[in-house]
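**Q** Structure below; questions to follow.
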Amino acid sequence: MPFMLMVAKVQKLGAVFLMGLITALIYFATGQFTLVILISMASTCILAEVVRAVTKYNSFKGNSIAYVIFSLGMVGSPLPIWLFKADFLAQITEQGMPADYVAAVEALSSNAMLIVLFVAPIIGGIIGAFIARSLFKKHFVKAGIV
């Protein structure tokens, strides 16, 4: 919802990238920042900006596609579990995580879950865009916010 409200209000280049930068800073401030997050957020924000520019910034379809792409940037947070599985499991073991926890993480980091990791933001982004659209019509347009 905040994404769709922002892109409805700010119809120029850089809005999505700024939102991605803020998201990356939150990851950094909470100690969860990795190179994978940086790459995924930067690449998806740039691609989302391109989609918005091509669709002239005010298209619901273009902004929805940009939102789905932006949402895919969030996969950078859990993605290191799959990319560096052995190192990740060794690290959490060394940090004192219980063996059953490590085993559960290993079991959940299957290829099927990797597919879910990429499909869920797509589905969630589409659903979220349509929810935002209905809320815009019902509340924000009437209030003059959008």
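**Q** Is it the case that some residue within region 46-68 is farther than 19 Å from Ala8 by Cα, modelled with pLDDT under 95, surrounded by fewer than 16 Cβ atoms within 10 Å (Cβ to Cβ) and more than 14 Å from the chain's Cα centre (by Cα)?
**A** no
**Q** Could you tell me which numbered condition Glu106 fails, if it satisfies all but one of (1) at pLDDT below 95; (2) in contact with a Leu (Cβ under 7 Å, 6 or more places away or on another chain); (3) more than 25 Å from Met4 (Cα to Cα)?
**A** Every listed condition holds for Glu106 apart from (1).
**Q** (1) assigned to a helix (DSSP H, G or I); (2) touching an Asp or Glu at 6+ places or on another chain (Cβ under 9 Å): which one isn't true of Leu13, the others all being true?
**A** Condition not satisfied by Leu13: (1).
**Q** A follow-up question, please. Those residues that are touching a residue at least 12 places away in the same chain (Cβ under 8 Å) and either farther than 15 Å from Pro2 by Cα or among the β-branched types (Val, Ile, Thr) (or both), I need them from region 114-140; list them, please.
**A** Passing the criteria: Leu114, Leu117, Phe118, Pro121, Ile122, Ile126, Ile131.
**Q** What tally of residues in region 121-146 results from selecting those that are surrounded by 14 or more Cβ atoms within 10 Å (Cβ to Cβ) and over 18 Å from Asn58 (Cβ atoms)?
**A** So the answer is 5.
Quick grid of which residues meet (1) of a type in the set (Lys, Arg); (2) part of a loop (DSSP other than H, G, I, E, B):
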site: Gly20; (1), (2): no, no
site: Phe28; (1), (2): no, no
site: Val36; (1), (2): no, no
site: Ala48; (1), (2): no, no
site: Lys56; (1), (2): yes, yes
site: Lys61; (1), (2): yes, no
site: Ile69; (1), (2): no, no
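**Q** In region 11-25, how many residues are modelled with pLDDT of 90 or more, within 13 Å of the chain's Cα centre (by Cα) and over 23 Å from Ile131 (Cβ atoms)?
**A** Counting residues in region 11-25 that are modelled with pLDDT of 90 or more, within 13 Å of the chain's Cα centre (by Cα) and over 23 Å from Ile131 (Cβ atoms) gives 2.
**Q** Scan region 77-85 and give yes if some residue there is at pLDDT below 95, within 18 Å of Ile122 (Cβ to Cβ) and buried (at least 20 other Cβ atoms within 10 Å of the Cβ), otherwise no.
**A** No, there is no match, as no residue in region 77-85 is at pLDDT below 95, within 18 Å of Ile122 (Cβ to Cβ) and buried (at least 20 other Cβ atoms within 10 Å of the Cβ).
**Q** If you don't mind, there's one more thing I want to ask. Scan region 95-112 for residues that are assigned to a helix (DSSP H, G or I) and surrounded by 14 or more Cβ atoms within 10 Å (Cβ to Cβ) and report the count.
**A** Initially, region 95-112 is screened for residues assigned to a helix (DSSP H, G or I), giving 99-108, 111-112.
After this cut, where a residue has to be surrounded by 14 or more Cβ atoms within 10 Å (Cβ to Cβ) as well, the list is 102, 105-106.
Number satisfying all stated conditions: 3.
**Q** If you don't mind, there's one more thing I want to ask. I'm checking my understanding of the structure. Among residues of region 1-10 that are surrounded by 14 or more Cβ atoms within 10 Å (Cβ to Cβ) and assigned to a helix (DSSP H, G or I), which one is farthest from the chain's Cα centre (by Cα)?
**A** Residue satisfying both the conditions and the ranking: Ala8.
**Q** Mind checking which residues of region 89-108 are under 26 Å from Val119 (Cβ atoms) and either charged (D, E, K, R) or free of Cβ contacts under 8 Å to residues at least 12 places away in the same chain (or both)?
**A** Tyr101, Ala103, Ala104, Glu106, Ala107, Leu108
The values are calculated or read from the model by the stated rules, or taken from the named source; none is laboratory data. All values derive from a computational prediction rather than experimental measurement. All Cβ positions, even for glycine, are placed from backbone atoms using ideal geometry, and neighbour counts span all protein chains on display.
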